[in-house]
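Taken together, the values in this text are just the output of simple stated rules run on the coordinates, not laboratory data. Being a predicted model, the structure only gives us computed values, none of them experimental. Here the Cβ is made from the backbone with ideal geometry for all residues, glycine too, and neighbour counts use every protein chain on show.
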Amino acid sequence: MYRERKARYGRWSSSPPLEQIAPLFFSSLGQEKVAMKTQRQKMLAGELYDPSDADLVAGRSRARDLCRLLNNSRDAEQEKRRTILIELFGRAGESVWMQPPFYCDYGSNIELG
């Protein structure tokens with residue numbers, strides 16, 4: 001009997017090796033490969049995310065720089081303000097206008113129109 005097991009499994013144990021039985025368990029779990037979500041995708045989905053992610057930090061920095069430019073512009077510089085707002089927001093209509101001061105974290109998910 002032990003010789004049969006050793007011949008069958010390559011060892012004296014009575015149970016098959018893990019390499020032989022693992023596919024039986026894991027195939028039933030449906031091992032489709034799922035792409036990991038980015039921290040931005042998690043944030044937009046309302047899930048827990050890491051705010052110190054390089055992409056999110058860069059987005060906040062970009063928005064702060066654009067808000068600073070907008071807030072420091074003069075009333076006579078309406079075309080400059082429009083350009084800044086179009087760059088800051090995700091979508092902007094033809095008549096985008098905003099009276100500074102304005103502050104936001106990212107701006108890319110704001111739509112005006």
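Sorted ascending by nearby beta carbons within 10 Å, beginning with the fewest, 110, 84 become 110, 84. Counting beta carbons within 10 Å around each of 36, 43 and listing the fewest first gives the order 36, 43. Taking each residue as 0.36 nm, the span from residue 98 to residue 80 lengthens on full extension beyond its C-alpha to C-alpha distance by 5.3 nm.
Other residues whose C-beta falls under 12 angstrom from the C-beta of residue 43 contribute a net charge of -1, scoring Lys and Arg +1 and Asp and Glu -1.
Among 53, 65, sorting on how many other beta-carbon atoms sit within 10 Å of each Cβ, with the fewest leading, yields 65, 53. Computed over neighbours whose Cβ is under 10 Å from that of residue 98, the net charge equals +2, Lys and Arg +1, Asp and Glu -1. Name the residues of the range 56-80 whose amide N is less than 12 Å from a point 7 angstrom out from the Cα of residue 38 along the C-beta direction? Of the residues in the range 56-80, 56-59 have backbone N under 12 Å from the label point off residue 38.
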